[in-house]
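The values are calculated or read from the model by the stated rules, or taken from the named source; none is laboratory data. Predicted, not measured: the structure shown is a model, and the values here were computed from it. For neighbour counting, all protein chains shown are included, and Cβ atoms are generated from backbone atoms with ideal geometry for every residue, glycine included.
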Amino acid sequence: MKKYLWVFLISSMAGTVAYSKDIIEAIKASLDLCLNTLVPSLFPFLVFSKMMILSGSAEYMGKIIHPVTGRLFNLSENGSFLFVIGILCGYPIGAKCISDMLKNKKISYSEAERLILFCNNSGPLFVIGAIGCGMYSDIKTGVIIYLAHILSAFVIGLVTRNNQCPQSLISHHPIKPYFTQSVEDSMIAVINISGYVLFFSAVCTIINCIMPSGLRILKVAICSLLEITGGIKVISSAYSIPPQLKILITAFLVGFGGICVLFQTKSAISDSGIKILPYLCSKLCQGALSVFFAYMIISVYPLRSCAHISSSNMSVSTYMLIISLVLIIIYIFKLQKRSNKTYHY
């Protein structure tokens, strides 16, 4: 294994040197993305959510929404707060807040392990604003993708629901002023997230330079799975892809999040003890569920651009839908096997 890793790293360094000009341009573009989009949109959410957790305000908000979320997903009051954060604030704030709640002993490990499966999602600002209005120039497209995304999170929350009574744990407020700690921790988190964005931007650039132009579809697929923002931008402007299929592919990528977001999430939960593999499986399933819900929504409320779709294009979308349903069934089967085992926390 080390031998292959050594070969991979040497090859990557060689690619970095060979295509340094392209990588520098890509890093500059990614830095611009981080400074003008990522930091302004994530940093305030991270600071305020951290302050709410440390100050105890999250518990009061959780009490307000707990009558609904508690019954639906069998969550504690703090878990209810995390669900709202998870569907509104964007990747990877949900994971970061779950980790913070667990470290501050405000939720149990078993609840945190379940929350991570459906409470770390893309936010409406990115999906409706950046993807819908920005890339597709159509707010309705953004709303459809976001609605499919959140419905898939709801389904995973319902499927992973258990009958154990969630524990209401005693709050432990920090000695260090929570405002100072919130700003410091959030700044470190934003730097980590930006670092992953820059790194995967460089990786995608090397892939684009190395792979021949005849494999453009494969290049787009690989880069989209690595980092979804650039991939969705290319897909949205591709004339060769039918409109309906564009939306289904985008729905999957938003639900899955990409490898870059996976590493951001891993970094956010690294010192909490929460396992990353169940999260990865849930995101693959959420991507598949998002395709299913997007397909259903478009079938009932078709977009103007999808009004006239040929039978061949329709069959491609149908195949994608079938693959998504198979992934969902496999995921539910795995969950069933997992629930039959006994866990000790």
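Among the residues of the range 113-137, those that are touching a Ser or Thr at 6+ places or on another chain (Cβ under 7 Å), surrounded by 23 or more Cβ atoms within 10 Å (Cβ to Cβ) and in a helix (DSSP H, G or I) comprise 114, 131, 132. A Cβ distance below 6 Å, combined with a sequence gap of six or more or placement on separate chains, defines the contacts here; from the range 119-137, residues that are within 16 Å of residue 40 (Cα to Cα) and of a type outside the set (Ser, Thr, Tyr) reach residues that are modelled with pLDDT under 85 and surrounded by fewer than 19 Cβ atoms within 10 Å (Cβ to Cβ) in the pairs 125/41. Restricted to the range 211-263, and to residues there that are at pLDDT 85 or above and of a type in the set (Lys, Arg), the residue that is surrounded by the fewest Cβ atoms within 10 Å (Cβ to Cβ) is 233.
Candidates in the range 264-277 are the residues that are at pLDDT 90 or above and part of a loop (DSSP other than H, G, I, E, B); of these, the one that is surrounded by the fewest Cβ atoms within 10 Å (Cβ to Cβ) is 275. Screening residue 194 on (1) within 20 Å of the chain's Cα centre (by Cα); (2) assigned to a loop (DSSP other than H, G, I, E, B) shows it passes everything except condition (2).
Could you please let me know if residue 186 is modelled with pLDDT under 90, surrounded by 21 or more Cβ atoms within 10 Å (Cβ to Cβ), among the hydroxyl-bearing types (Ser, Thr, Tyr) and on the phi < 0 side of the Ramachandran plot? For residue 186, the condition - modelled with pLDDT under 90, surrounded by 21 or more Cβ atoms within 10 Å (Cβ to Cβ), among the hydroxyl-bearing types (Ser, Thr, Tyr) and on the phi < 0 side of the Ramachandran plot - is met.
A quick yes/no check of all residues on (1) over 21 Å from residue 123 (Cα atoms); (2) in contact with a Gly (Cβ under 8 Å, 6 or more places away or on another chain); (3) surrounded by fewer than 17 Cβ atoms within 10 Å (Cβ to Cβ):
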| position | (1), (2), (3) |
| --- | --- |
| 8 | yes, no, yes |
| 16 | yes, no, yes |
| 19 | yes, no, no |
| 45 | no, yes, no |
| 53 | no, no, no |
| 69 | no, yes, no |
| 77 | yes, yes, no |
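As a summary of the residue check, residue 318 satisfies the conditions (1) touching a helix residue (DSSP H, G or I) at 6+ places or on another chain (Cβ under 9 Å); (2) at pLDDT 80 or above; (3) surrounded by fewer than 16 Cβ atoms within 10 Å (Cβ to Cβ); (4) polar (S, T, N, Q) except for the one numbered (2).
Answer yes if at least one residue in the range 88-103 is more than 25 Å from residue 281 (Cα to Cα), basic (Lys, Arg), part of a helix (DSSP H, G or I) and at pLDDT below 90, and no otherwise.
Here is the first cut: in the range 88-103, the ones more than 25 Å from residue 281 (Cα to Cα) are none.
No.
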